[in-house]
Amino acid sequence: MKTFAIILILFIIQIALIVFLEFRRPQRAMAWLFISFCCPPLGLAFYYFLGRDYRQNRKLNKRCISLSREIRSHVSGNIKVVKDVTESGNAQFENNKGLMDLLSKISEGPITGHNKSRVLSTAREAYDAMLEAMEEAKEHIHMEFYIYRDDEIGEQFQDVMIRKARQGVKVRLLCDGLGSHKLSRRFIRTMRNAGVEFHFFLPPFSSLVERRFNFRNHRKILVVDGLVGFTGGMNIGDDYLGKDLKMGYWRDTHLRLEGDSVYYVQYVFLKDWRLASGESMSHPRLFPKHTCEAQEAVQIVGSGPDAAIDASQEMYFAALCAAKNRIWITSPYFIPDPAICRALKSAVLRGVDVRIIIPAKPDNMLVYHASLSYLENLQDAGVKFYSYTKGFMHAKIMIIDDLFATVGSANLDMRSFYSNFELTAVLLHPDAISPLVRGFEKDQRHSEFIDPVKFKERGRIVKLGEGLCQLLSPLL
């Protein structure tokens, strides 16, 4: 009887804590309450270790602010900050000043005017470009990935890192502690013995003890000499080259950047490096004066649980609301929050062409069925969904008219909005957006339209399963 009373008291405390601490996010509260009712003895422990709000770490935030100030002082004279719609190089912004104002406020990185971007639409193309840039490194190579696999392509990158380190180039590699947990000790030891500096971002055990396990670094970054940067959706692994027999062809998108924007990709890396290693780096040599004279407007938006606002969610919501002609999206995981759902429905009512491509072949069944649970309601509003059939769709792209496009690590899901450390490049020049438009049209030719009538004919058990997955979706 006493045991039952103790369990009951703990259960009541658990429910009260969730309701009190999660009242600002009712969907997240419902997910935790569902877990609590399913497994009362373990629910409190799960919530204690996985439900923490990272923003409470004020000491960390102060360190990041200090680093940001130091870096801004180094680059202020080297960049062109776009402060007015007439400087964006895109006439459509003259009618969307509000969107530009929001972009200028949500990120530590401003909209910059001297940039050159190149869209990389296959892993082979992206890896070749990255390896070529690394071979030309003279000062430093900074790499950061959610997943780094010790396979054929991983060893190819390792060989270049080791060779450049032995030539005197500073090489630093940062990998997420969970996403890259399969990296062997031999691989890491070989790197360190050759002079490559290596750290895990939030290793699984220590991050669990520190109650930060739920916050993963999903960014994909390469910076060479502070002059060339890469970011997008690709990690380092043979599966991205289509060598995984289960997943087959892997469709993804990456960006090569030159110019002002590289300074802010570098800044995000240095901030993450400081968190993982304790080492603070802000030397002016990390931000050399570039010679890029191209006129593309680009912004780098870093988002994560360490930021004061949910930058990715705010940016996507504002862009969806600004759309007048088209909203084209590709995302491997589609778990939108209520605000994004409302923005998509509102866009359709305004006559906007809304198309979303998701995978036909999932890599995570729980997330896949959670994604499907959102389709029917949005289809009823007029959103058109397509399933990519050529392989696995992993690209994270949003195209708004000829006004705005994003390429990055963030999926259109609540984990990317609220729990992950993400990095997104915002392209604002029509010449930079057009390759993404052509790529989307090509992807749509390799996709099947998800007919709303047929989709509604799914069995009740299937719909029930999807509904249960949706309950957990704020945590997926």
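The values are calculated or read from the model by the stated rules, or taken from the named source; none is laboratory data. Values in this document were obtained by computation on a predicted structure and should not be read as measured data. Virtual Cβ from ideal backbone geometry, glycine too; neighbours counted across all protein chains shown.
The table below gives the values:
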{"quantity": "Failed condition for residue 266, given (1) modelled with pLDDT under 90; (2) in a helix (DSSP H, G or I)", "calculated": "(1)"}
{"quantity": "Some residue of segment 326-345 being more than 23 Å from residue 458 (Cα to Cα), aliphatic (A, V, I, L, M), part of a loop (DSSP other than H, G, I, E, B) and modelled with pLDDT of 95 or more", "calculated": "no"}
{"quantity": "Given (1) farther than 18 Å from residue 131 by Cβ; (2) without any contact (Cβ under 8 Å) to a residue 40 or more places away in the chain; (3) of a type outside the set (Lys, Arg); (4) touching a strand residue (DSSP E or B) at 6+ places or on another chain (Cβ under 7 Å), index of the condition residue 173 fails", "calculated": "(1)"}
{"quantity": "Criterion violated by residue 369 - all others in (1) modelled with pLDDT under 95; (2) surrounded by 20 or more Cβ atoms within 10 Å (Cβ to Cβ) satisfied", "calculated": "(2)"}
{"quantity": "Residue check, residue 124 within 19 Å of residue 228 (Cβ to Cβ) and of a type in the set (Lys, Arg)", "calculated": "yes"}
{"quantity": "Near pairs, Cβ below 7 angstrom, 6+ apart or cross-chain, from segment 249-263 (part of a helix (DSSP H, G or I)) to any residue that is among the charged types (D, E, K, R)", "calculated": "260/80"}
{"quantity": "For residue 409: the one exception among (1) crowded, with 19+ Cβ neighbours inside 10 Å; (2) more than 17 Å from residue 254 (Cα to Cα)", "calculated": "(2)"}
{"quantity": "Pick from segment 230-252, criterion more than 19 Å from the chain's Cα centre (by Cα) and among the small types (Gly, Ala, Ser), ranking: nearest to residue 173 (Cα to Cα)", "calculated": "242"}
{"quantity": "For residue 255: the one exception among (1) closer than 19 Å to residue 120 by Cβ; (2) surrounded by fewer than 21 Cβ atoms within 10 Å (Cβ to Cβ); (3) among the aliphatic types (A, V, I, L, M); (4) within 22 Å of the chain's Cα centre (by Cα)", "calculated": "(2)"}
{"quantity": "Flag for residue 439 being in a helix (DSSP H, G or I), of a type in the set (Gly, Ala, Ser), at pLDDT below 85 and assigned by TED's automatic domain parsing to the domain that holds residue 345", "calculated": "no"}
{"quantity": "Selected residue (only one of 399, 433 is assigned to a helix (DSSP H, G or I), under 21 Å from residue 253 (Cβ atoms) and touching a residue at least 12 places away in the same chain (Cβ under 8 Å))", "calculated": "433"}
{"quantity": "Count of residues meeting criterion [of a type in the set (Asp, Glu) and within 22 Å of residue 413 (Cα to Cα)] in segment 273-311", "calculated": "2"}
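Let's see how each residue does on (1) surrounded by 22 or more Cβ atoms within 10 Å (Cβ to Cβ); (2) in contact with a His (Cβ under 8 Å, 6 or more places away or on another chain); (3) hydroxyl-bearing (Ser, Thr, Tyr):
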residue: 303; (1), (2), (3): yes, no, yes
residue: 312; (1), (2), (3): yes, no, yes
residue: 332; (1), (2), (3): yes, yes, no
residue: 344; (1), (2), (3): yes, no, no
